[in-house]
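To keep things clear, I will list the structure first and then write my remarks on it.
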Amino acid sequence: MPCRWAGSAVEGDRGREVLRRTRSDALQNRARLLEAAVQVFAEQGLDTAPAAIAKQAGVGVGTLYRHFPTREALIDAAYRHQLTLVCGKATDLLTRHPAAEATKVWMEHFLDYATTKSGMSAALNAVIASGVDPYADSRALLTNAVATLLEAGARDGSLRTDVTSDDVLLLMGGVAYSAQHSTGERARRLIDLLMDALTAHSPAD
């Protein structure tokens, strides 16, 4: 019968609590690394030393390597993490705002995400060159988020019902492109114009 390493396990309830804390700490460290990676890659470029990312996240470089053994794995995970957070905000915003207002706020979050992604373009291209497609789930995530907002707007009568998720994503792509080549103020104005086009108006309007 195999024997355990001395001191390698803690029995009973205490052991389970230690394991829960360990898993929680690991998840928090991973999330901090992903947030730091997005910021550092966007600001300093692909050749940033791993130690700089670990320092920004407040963890040791060994923790970085344990979670992400390659630079490409970190970039891919960071991009997917940011996109998942942005798309997840759609449901959260609908719990706190009417559908039209939630849609506008969500678009502003998307704009911030798109600007950050632009700063990471060289890093994402390196991931693609390695044979990994960081965009594999992007379309489905974004389509679901926009559909959630449009459906809520249809229910409360604040958004048009003849607009599809694809329509909105195409228009938002134009806004995101503008944001990368102009001031933030102009991009916000384009969001206002897009929201005006999406808003359900009465015949008298």
Across the stretch 165-179, what is the number of residues that are open to solvent by less than 80 Å² (accessible area, probe 1.4 Å) and touching a helix residue (DSSP H, G or I) at 6+ places or on another chain (Cβ under 8 Å)? 10
Over the stretch 53-71, the set of residues open to solvent by 40 Å² or more (accessible area, probe 1.4 Å) and part of a helix (DSSP H, G or I) is LYS55, GLN56, VAL61, TYR65, ARG66, HIS67, ARG71
Filtering the stretch 60-72 down to residues that are under 12 Å from LEU34 (Cα atoms) and among the hydrophobic types (A, V, I, L, M, F, W, C) yields LEU64, PHE68
Report yes if some residue within the stretch 32-45 is open to solvent by 60 Å² or more (accessible area, probe 1.4 Å), within 21 Å of LEU194 (Cα to Cα) and touching a residue at least 40 places away in the same chain (Cβ under 8 Å); otherwise report no. no
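The values are calculated or read from the model by the stated rules, or taken from the named source; none is laboratory data. The model shown is predicted, which means the values in this text are computed figures rather than measured ones. Methodologically, a virtual Cβ is constructed for each residue, glycine included, from the backbone with ideal geometry; neighbour enumeration extends over all protein chains shown. Just the protein is used for accessible areas: all its heavy atoms, side chains included, with ligands, DNA and RNA removed. Shrake-Rupley method; radii C 1.70, N 1.55, O 1.52, S 1.80 Å.
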